[in-house]
Amino acid sequence: MSKAEKAVEYMISVWDEVQGNWREHPDHVAQKFIEAEKEIQDQKVREHIDSVLPDEECVWENAGEYWATECDGAFYLETGTPSDNKMIYCPYCGKRLSYT
């Protein structure tokens, strides 16, 4: 865990102890800490998933109307690429997602 992540977690623990309801009506500074806390939690989840999944990838190819997956699936995205839509893992096979 980085120093910045430790600092965010420490500040949140202090606010939780001193002012238990700060999450209910956060000011702009508290809102930034809430966003940072979520990013830290998301990163921890990704690191855990990466540690238990094989280092294999499922390659997706843009087929025009949909994305064809290496694991024989098809996925429709209204806009953008899988990474634009914050997709990291294939929902069909669970492997790390990459695309061409």
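Which condition does SER13 not pass, out of (1) exposed (fewer than 12 other Cβ atoms within 10 Å of the Cβ); (2) in a strand (DSSP E or B), if it passes all the others?
Among (1) exposed (fewer than 12 other Cβ atoms within 10 Å of the Cβ); (2) in a strand (DSSP E or B), SER13 violates only (2).
Would you say THR79 is in contact (Cβ under 8 Å) with a residue 24 or more places away in the chain and exposed (fewer than 10 other Cβ atoms within 10 Å of the Cβ)?
So THR79 does not fit the description; no.
Working carefully through the options LYS44, LYS6, find the one that is surrounded by 12 or more Cβ atoms within 10 Å (Cβ to Cβ) and without any contact (Cβ under 8 Å) to a residue 24 or more places away in the chain.
Criteria check complete, one pass: LYS44.
Looking at region 45-58 only, could you name the residues that are more than 14 Å from ILE88 (Cβ to Cβ) and in contact with an Asp or Glu (Cβ under 9 Å, 6 or more places away or on another chain)?
none
Quick check, is ALA36 among the aliphatic types (A, V, I, L, M) and either over 29 Å from GLY94 (Cβ atoms) or in contact (Cβ under 8 Å) with a residue 60 or more places away in the chain (or both)?
No, not satisfied.
Since every read-out is calculated from the coordinates, none of them should be taken as a lab result. The shown structure was predicted, so the numbers you read here are calculated from the model rather than taken from an experiment. Glycine gets a Cβ as well: all are built from the backbone with ideal geometry, and neighbour counts include every protein chain shown.
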